[in-house]
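This report concerns only the one structure given below.
The values are calculated or read from the model by the stated rules, or taken from the named source; none is laboratory data. All values derive from a computational prediction rather than experimental measurement. All Cβ positions, even for glycine, are placed from backbone atoms using ideal geometry, and neighbour counts span all protein chains on display. When the accessible area is computed, the model is the full protein with side chains, heavy atoms only, and any ligands, DNA or RNA have been set aside. Shrake-Rupley method; radii C 1.70, N 1.55, O 1.52, S 1.80 Å.
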Amino acid sequence: EEAESLGREAVELTQRSDDPVGQANALMDLAEILRAAGRGDDATSAASEALRLYENKGNLVLAKVAEAFLA
């Protein structure tokens, strides 16, 4: 529960910035936390949003990481 709370706080903080890659990184961290907690649907949602941000920014390397997580 504490890890999820901190992960969500990190996502919230990065959403205030103009750094889409940082936002996506925080979402991927949250996705890993959610997956470890057995919350697959929520993890998929966070990783999918991260993938969208990576793709919009043109960061193909991290987009592939997000795609692998989703596979």
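Of the trypsin sites (Lys or Arg not before Pro) found in the range 1-43, those in coil by DSSP whose Cβ has at most 11 other Cβ atoms within 10 Å are 16. Of the solvent-accessible surface of the chain, computed with a 1.4 Å probe and all protein chains present, 50% belongs to carbon and sulfur. For the chain, the relative contact order is 27 percent, taking Cα pairs closer than 8 Å that sit 6 or more residues apart in sequence and dividing their mean separation by the residue count. With helices as the sole contributors, the chain gives -27000 deg cm²/dmol at 222 nm; each DSSP H run of n ≥ 4 counts as -39500 (n - 2.57), and the sum is divided by every residue. A 1.4 Å probe run over the protein chains yields, for the chain, 63 Å² of accessible area per residue, whole-number rounding.
Of the GluC sites (Glu not before Pro) found in the chain, the ones in coil according to DSSP and having at most 12 other Cβ atoms within 10 Å of their Cβ are 1. Other residues with beta-carbon under 15 Å from the beta-carbon of residue 36 carry, at +1 per Lys or Arg and -1 per Asp or Glu, a net charge of -4.
Taking a ≥ b ≥ c as the square roots of the Cα gyration tensor eigenvalues, the chain comes out oblate, since a/c reaches at least 1.5 and a/b does not exceed b/c.
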